[in-house]
Amino acid sequence: MRFTLSVFVYFYITVTGFAQYNNVWNRPEQTERERYFDVLHYSLDLEFDLDSKSFEGTNTISLKPLHNNFSKLSLDAVEIEILKVETSRDNILGFVQDSAAVHISLDRIYSKGEDIDIKVFYRGKDLSDGLFFHDETDQYPKMVESNSWPNHARYWFPCYDYPNDKATQEIIISVDSKYKVISNGELLDVNRQGDKVRYHWFLKKPHSTYLSMLSIAPFSVLEDSLGSLPVNYWVFSGDEENALRVFSLTPEIIDFFNKTYAYQYPWSKYDQVIGPRQGGGAEATSATILGTGVIHDEDPEKDKNWKRIIAHEIAHQWWGDLITLRTWSETWMNESFGTYSDYLYTEHFLGEPDASIDLKGKKDSYLDEAKNRYSRPIVFTRYNRPQDNFDRHTYQKGASVLNMLRSLLGAEKFYSTLSHFLHRYEFKAVETGDFIEVAEEITGMDLGWFFEQWIYKPGHPVFEISKKWDKVSGELSMYVNQVQDTINGTPVFKMPLTIGIYNHGADPVLKEVWLEKRDESFTWKLDREPDMVRFDVGNILLKEWTYNKEADELIYQAENDDVIGKIWAIEQLGKHFKGPLNKDLTLLMERLTIEDDMWPVRVAALDCLHSSNQGVREDILQKALDDKHYSVRNKAREISK
C-alpha cells in the first residue's frame with residue numbers, strides 16, 4: 001500500500017501527553033479478551049450450493065470450562081442463522097442470537113475442566129465477509145473463497161473468534177462433484193456419491209480460528225513435495241505452466257526455514273491456493289491463499305516479488321500459525337517475523353545486493369509512514385479494529401528492528417533465540433514478554449533497554465552528523481546529534497554502531513562506539529586524513545540522517561563503499577552537477593552505469609545521469625539497454641521513451 005503525503009496536523013492529548021499528526025492516540029484502549037472456556041476441537045460438516053450461494057450444516061464444538069458454575073456460553077456468529085443447538089446426548093439447548101453472537105444455555109451447571117460437546121445447526125447465504133461466493137468470470141471459475149482474518153471466521157462458523165485460544169479442527173464439505181475442496185490439515189477422505197463429493201480435512205494440531213481456510217473450485221492440483229511433506233499448488237485450469245515456474249522454489253524455501261529456525265515444518269502438508277479476492281497472500285495454517293496475480297507470464301520482476309511474498313507466507317507457518325499473537329496489539333509477533341523472514345529468504349537465495357536493497361526498501365516504507373501519517377509503538381493497545389495495527393510499523397519497522405537485534409546479539413545467539421522460542425511456545429499464543437524472556441535466557445544479556453525503546457516506544461533516531469579533521473594534531477573528530485522530537489514519547493536512543501575510517505589501498509579501520517546521549521562526539525588520532533568516514537557501517541540502524549560531505553569524499557564513496565553507501569553517495573553527488581564538476585561527475589556516472597558490479601548502483605548512476613539534465617549519451621544508454629540485469633534494462637527503456 002502506498003500513502004500520499006499528508007499535511008502534519010499536530011494535536012495534544014492530555015492523557016498521554018503525545019503530539020501526533022494523526023489521531024492514533026485517540027483510538028480506544030483495548031485489552032485482551034477474557035476467556036471463560038477453552039475450545040479443544042471444532043468439527044464442521046457443511047453442504048454447499050454454489051449456485052444459490054448458500055451452505056448449511058453443523059459445527060460440533062468440544063470445550064472445557066475454565067471456572068466452576070459454568071452454565072452459559074457465547075459463541076461469535078455474524079450473518080449465519082442458528083437453527084438449533086443440542087448436546088452430544090441430543091438434548092436440545094436454549095439459545096438467543098443477536099447480530100454478533102449466539103448465547104447458549106447449557107443443560108446443567110458444569111465444573112471447571114469438565115468435557116462439554118455441543119452441536120450447532122446453522123446455515124448461511126451470500127455473506128458479506130468471511131466466506132465469499134464468486135461468480136464465474138473470464139479470469140476465474142465459479143468458486144468459494146474464505147477470508148477468516150482477522151476476526152471473520154465467525155461469518156462462516158460459530159466459534160470463539162479471538163487468537164488467544166487454539167483448537168484442533170476438522171472440516172467436512174459436501175459439494176457438487178465438479179468441484180475440489182481445500183482446507184487446513186490432512187486430507188483424510190474423498191467420498192464420491194453420484195453427482196456429489198465429500199471432502200474430509202483434519203487439522204490434528206491446534207491453531208486459532210482466524211487461520212481457518214476453505215476454498216471450493218474446479219481446481220487443477222499440481223503435486224510437489226519436500227521429502228515426505230506434500231507440497232501442492234491449487235490453481236485454475238490453463239495456469240499450470242506458469243504456476244510451476246512461480247511456485248518452483250516452494251520446497252526449497254520450506255527447507256531453508258526448517259534450517260534457519262532449527263524447527264521442522266510443523267504441519268502435515270503445505271498448499272498454496274489461488275483466489276481472486278487476495279491482493280497478495282493470506283496466511284492460513286498449512287494452506288496459504290494467494291491472489292490471482294501470482295500466476296503471470298514470465299517476468300523477472302514479478303517472479304522475484306511473488307517469490308518474496310511466497311516466502312513471507314511460508315514463514316507464517318511458524319510465525320503466526322505455530323506461535324500466534326496473543327492479542328491484536330502484538331501484531332509484530334506474526335508480521336515483523338514474517339517480513340524479516342522474507343528478507344532472510346532474499347539474503348540467502350538472491351544474495352547481495354538484492355538483500356540490502358530489500359532491507360532499505362523496508363526501512364524507507366516505514367519512515368514514509370512515520371513522517372507522513374503517524375508514529376506509534378510497535379506493540380500498541382489503541383485500535384478500533386485489529387486491522388488498524390497491520391501497518392508499516394508492524395511489518396517493515398518490526399523487520400528492521402529484528403535486523404538490529406541480529407546485529408546486536410550476533411547471528412548464532414539470534415537464531416538460537418528464535419529456535420528456543422518456537423520450541424518453548426509451540427502451538428501457544430504469545431506476547432513480547434515471552435520472547436524477551438527467552439532472548440535474555442539464551443544470550444545472558446539484559447535486553448530490556450532494546451525492547452523498551454524499539455518495541456514499546458514510538459519513533460526512531462534522527463541524526464545530524466558532522467566531522468572535522470585537524471591536520472595539526474592529526475585528530476579526526478565525529479559529532480553525532482540525535483535531533484528527533486521527543487514530545488510524542490520517542491526516546492533518545494541507546495545503541496551500538498560502527499564507524500569506518502577508509503584510506504585508499506588500506507583496510508578500513510572500524511571503530512565500535514555506543515550512542516547514549518543526544519549529543520555525542522568521538523575523537524581518534526590518525527596518521528593521515530581519511531578518504532572516507534562512514535557512519536553506521538553495515539547499514540544496521542533504522543534512522544533518518546543528514547551527513548554533509550565534500551564532493552571528493554562522495555566520489556570515493558560512490559566507487560568504494562557497499563551497495564547502500566554507493567547509492568547514497570550517488571544521490572548526494574546529484575546535487576553537485578554544477579559548474580566545473582559537471583564533466584568529472586558525468587564521466588563517473590557513465591563509468592558506474594556500465595562497470596559497477598552491483599545492479600542497483602548501475603541503476604542509481606543511470607538515473608543520476610538522466611536527472612542531472614546532462615542527458616545520457618546514446619552509447620551509454622545502449623549499453624544499459626543490453627545490461628545483464630532486467631532492472632538496469634527497465635530503467636534504460638524508461639529513459640529512452
Flagged links, alpha-carbon separation over 26 Å, of 119/205; 304/494; 269/428: 304/494
Select one label from (i) 46, 35, 25; (ii) 51, 30, 21; (iii) 35, 31, 26: the one whose number is semi-axes √(5λ) of the Cα gyration tensor in Å as derived from the coordinates shown. (ii)
Student exercise, the chain dipole from Lys, Arg, Asp, Glu Cβ charges, in Debye to nearest 20: 1100
What percentage of the solvent-accessible surface of the chain, computed with a 1.4 Å probe over protein heavy atoms, is contributed by carbon and sulfur atoms? 46
Would you work out which of 316, 244, 279 lies farthest towards the positive end of the dipole of segment 236-327? Charges go on Cβ: Lys and Arg +1, Asp and Glu -1. 316
Between their Cα atoms, which of 53/178; 360/468; 125/166 are more than 18 Å away from each other? 360/468; 125/166
Packing-based ranking, highest mean first, of 335-348, 434-447 given that Cβ atoms within 10 Å are counted: 335-348, 434-447
Suppose only helical runs count, i.e. DSSP H with n ≥ 4. What mean residue ellipticity at 222 nm does that imply for the chain under -39500 (n - 2.57) per run, divided by all residues and rounded to the nearest 500 deg cm²/dmol? -9000 deg cm²/dmol
Please report the relative contact order for the chain, taking Cα pairs under 8 Å with a sequence separation of at least 6, and give it as a percent rounded to a whole number. 9
Considering the options 486, 472, 462, tell which one lies farthest towards the positive end of the dipole of segment 435-496, charges being +1 on Lys and Arg and -1 on Asp and Glu at the Cβ, about the Cα centre. 472
Taking every DSSP bridge whose two residues both lie in the chain, the antiparallel percent to the nearest 5 is 80
Using a 1.4 Å probe, how large is the accessible area of residue 109, given in Å² and rounded to the nearest 10? 110
For a quick check of understanding: with a 1.4 angstrom probe and all protein chains in place, what accessible area in square angstrom does residue 207 have, to the nearest ten? 10
Just the accessible area per residue of segment 112-169, please: how many Å² with a 1.4 Å probe? 36
Taking a straight Cα-to-Cα line shorter than 17 Å from residue 259, and setting aside same-chain lysines fewer than 8 residues away, one finds 413
Please enumerate, by chain and number, the lysines with C-alpha under 17 Å from the C-alpha of residue 467, excluding those fewer than 8 residues away in the same chain. 511, 525, 549
Hey, rough spin-label estimate for residue 514 and residue 255, points 7 angstrom out along Cα→Cβ, what's it come to in nanometres? 4.3
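The values are calculated or read from the model by the stated rules, or taken from the named source; none is laboratory data. On a predicted model such as this, the values are computed, not experimentally measured, just so you know. Note: ideal-geometry Cβ built from the backbone for every residue, glycine included; neighbour counts use all protein chains shown. SASA here: full protein model, heavy atoms, side chains in, ligands and nucleic acids out. Shrake-Rupley method; radii C 1.70, N 1.55, O 1.52, S 1.80 Å.
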